[in-house]
1. Residues that are free of Cβ contacts under 8 Å to residues at least 40 places away in the same chain, of a type outside the set (Val, Ile, Thr) and either out of contact with any Pro (no Cβ under 9 Å at 6 or more places or on another chain) or surrounded by 15 or more Cβ atoms within 10 Å (Cβ to Cβ) (or both): does the range 275-293 have at least one?
2. So Gly261 clears everything in (1) at pLDDT 95 or above; (2) surrounded by fewer than 19 Cβ atoms within 10 Å (Cβ to Cβ); (3) at negative phi except one condition, right? Which one?
3. Looking only at the range 202-215, count how many residues are touching a helix residue (DSSP H, G or I) at 6+ places or on another chain (Cβ under 7 Å) and surrounded by fewer than 24 Cβ atoms within 10 Å (Cβ to Cβ).
4. Of all residues being under 15 Å from Val192 (Cα atoms) and assigned to a loop (DSSP other than H, G, I, E, B) in the range 240-266, which is farthest from the chain's Cα centre (by Cα)? Just the residue, please.
5. Among (1) on the phi > 0 side of the Ramachandran plot; (2) part of a helix (DSSP H, G or I), which single condition is Ala96 missing?
6. Looking at Gly142 and the list (1) touching a Pro at 6+ places or on another chain (Cβ under 6 Å); (2) within 20 Å of Thr3 (Cα to Cα), which single condition is not satisfied?
7. Go over the candidates Asp70, Asp92, Asp45 one by one and state the one that is of a type in the set (Asp, Glu) and under 22 Å from Thr189 (Cα atoms).
8. Any idea which of Ile89, Ile73 is in contact with a Lys or Arg (Cβ under 8 Å, 6 or more places away or on another chain) and surrounded by 15 or more Cβ atoms within 10 Å (Cβ to Cβ)?
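The values are calculated or read from the model by the stated rules, or taken from the named source; none is laboratory data. Since we're looking at a predicted model, the values are computed, not measured. Note that we place each Cβ from the backbone using ideal geometry, even for glycine, and neighbour counts take in every protein chain shown.
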Amino acid sequence: MSTQGNLERVLRSGGFVVTAECGPPRGVAPDMIRKKGEMLKGYVDAVNVTDNQTAVVRMSSLASSVILKDMGIDPVMQMVCRDRNRIAIQSDVLGAAALGIKNILCLSGDHQRFGDHKGAKNVFDIDSVQLIQCIKGMRDDGRFLSGEEVKPGPSIFIGCVENPCIEPLEIRAMRLAKKTSAGAQFCQTQCVFNLGSFERWMEMVRQLHLHEKVSIIAGVTPLRSVGMANYMKKNVPGMDVPDELIDRLKGVPKEKTSEEGIRICVETIERLMGIEGVRGIHIMAIGWEDVVPEIVKLAGLYPRP
């Protein structure tokens, strides 16, 4: 059995990857995962499975990832530090690897105050950088955090996240350097709307030669409405939605807004593809997965390798 998943294979072959996101259901509904998987299959190289995003209880990322894997899709299992101590984290890494999951994306996790169990106790026994180090140590050194031997160690392609549009950008570049040093092999970024900020961040990334060490996959999100754009600008921490994009959406008839949002997304992808060091795009269209194939085709990224 190959130790590489499709995501790692495409990146190592020098290809430009396309990934998308899948939010698990708020109940025992595996067919919902399968339905989303069928929409995305063949149009992306891997599918991210979120881990109780915004601290809202959902089907586990591990179970959802296995459902996608059984469909022939390469899942990227997200893992947050909010809900598990180091014992549970290492146990889940072993379980994921044993079930054939090849990719894990390491995140700290949204604070529980944003979710549906505001009285829950967070854990944060380790942070996202330590999580990266933990998985790398289990894989490369064959050791748990305790120093005990892992027999055998998991074969995992390790990912991280970064927000390239929060000032000061120098700090965001240094954060990526820290995660890369810890062992991150690919990085998926927050949604890119402000291309000017992203290009400045990428220049700093190149100055640190990080693009030679970690595969940077830029996040994009199609804006479905003016209301969505305004909400993301005003209410989502770390989101930079320029006024000119909102004005552009306002400038078309209401029934054409989603179409214009798709057009903006495709234009963003085309510009991202021309930036040195960008190795792929990550399409975040939660609740609008059926638009992903259209975006991929319009961007000239179909068929996939």
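1. No, the range 275-293 contains no residue that is free of Cβ contacts under 8 Å to residues at least 40 places away in the same chain, of a type outside the set (Val, Ile, Thr) and either out of contact with any Pro (no Cβ under 9 Å at 6 or more places or on another chain) or surrounded by 15 or more Cβ atoms within 10 Å (Cβ to Cβ) (or both).
2. Going through (1) at pLDDT 95 or above; (2) surrounded by fewer than 19 Cβ atoms within 10 Å (Cβ to Cβ); (3) at negative phi one by one, Gly261 breaks only (2).
3. Going through the range 202-215 one residue at a time, the tally reaches 6.
4. Among them, the one singled out is Pro242.
5. Only one criterion in (1) on the phi > 0 side of the Ramachandran plot; (2) part of a helix (DSSP H, G or I) is unmet by Ala96, namely (1).
6. (1)
7. Asp45
8. From the options Ile89, Ile73, the qualifying one is Ile73.
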